[in-house]
């Protein structure tokens, strides 16, 4: 039970966010934004017997918290918050009934948020989320984006805790996600796109028996998405579930994609159906954590890379980007569940953020303060994410 007296965004405040989103009152160009994380202090290295450079021993305590970090691509606040004020979650047809049942039970808290870049596209969004910095200079679009130049918080946590690569993992549907989750390829375990899920602990990196069926289906191109450079989310869900329950990593980042692609196809009905599927995925992961005994020691964070334009069909709903008529795509959201034993730390964190709108650049310092309190990336004073206003 994650009862907590603190709440990141009280429901009445969430209502204002949701209402403001619906009428387009939150324009990214007129909002003052969050602290930008400093480049983390490099962690000392030492050479192992093989000569490979591994992080020096900075092992976390045995009871150090775990993190399940989930991104749902291109999901608007309009749909994310549509369960917030309905009376009967089971009958309303809203998008995330199970998640908002957790919110009502005070096991999750929700917040409005804005992007951490000027481009409002996927790779710039993911690089903002994982690096804690605006990467506009090197990542302007999905097809014009270099490897993230800043050590990500996934890498930082691995170094700071002295973990093996398989203990910090990113599993994603989109094959471009590796560009965003690590500065140095191979520092963490990454599985993205149409590839098999291998057991990172096995000498021959074999496919686990539990996933042989999924591997065969992928090989036969069953459930192949209509869009390129990605696998269907059902495989990502299953691979991440296996990793979560079998490997039990310290950090698992899961990236889903179908929602954004369905919206790009102007399929609002399919997009809404996919959100209900995601709600089921999250419910399953929470139950898996309970069954494995990790629930009371796991932080769960759910968010998105960007919003969308307004409406339920046509070019605005289909699109997202820097164009003036897509300003709505700068508005996002977040949901977080923090174990009660971290209540004091969480209360201190949210006190610093509760009186202003969150941005994606806040995710890194928040995550690191909870996961590696002795080695966090300190935030700067509040400032703008826009380079011209720094």
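Brief remarks on what is shown
- Residue 269 at pLDDT 95 or above, within 17 Å of the chain's Cα centre (by Cα) and either surrounded by fewer than 19 Cβ atoms within 10 Å (Cβ to Cβ) or over 20 Å from residue 131 (Cβ atoms) (or both): no
- Number of the condition not met by residue 162 [criteria: (1) in contact with a strand residue (DSSP E or B) (Cβ under 9 Å, 6 or more places away or on another chain); (2) modelled with pLDDT of 95 or more; (3) buried (at least 24 other Cβ atoms within 10 Å of the Cβ)]: (3)
- Selection within the range 212-239 - in contact (Cβ under 8 Å) with a residue 40 or more places away in the chain, within 12 Å of residue 197 (Cβ to Cβ) and out of contact with any helix residue (DSSP H, G or I) (no Cβ under 8 Å at 6 or more places or on another chain): 236
- For the condition crowded, with 21+ Cβ neighbours inside 10 Å and either touching a strand residue (DSSP E or B) at 6+ places or on another chain (Cβ under 6 Å) or farther than 21 Å from residue 116 by Cβ (or both), residue 315 does not qualify.
- The helices (runs of 4 or more DSSP H) found entirely in the range 74-166 that carry 3 or more residues being over 19 Å from residue 251 (Cα atoms) are 77-80, 89-92, 97-104, 122-131.
- One residue from 260, 279 being surrounded by fewer than 22 Cβ atoms within 10 Å (Cβ to Cβ), within 25 Å of residue 169 (Cα to Cα) and either free of Cβ contacts under 8 Å to residues at least 24 places away in the same chain or within 19 Å of the chain's Cα centre (by Cα) (or both): 279
The values are calculated or read from the model by the stated rules, or taken from the named source; none is laboratory data. Everything numeric here is computed off the predicted structure, so don't read it as measured data. Note that each Cβ is placed from the backbone with ideal geometry, even for glycine, and that neighbours are counted across all protein chains shown.
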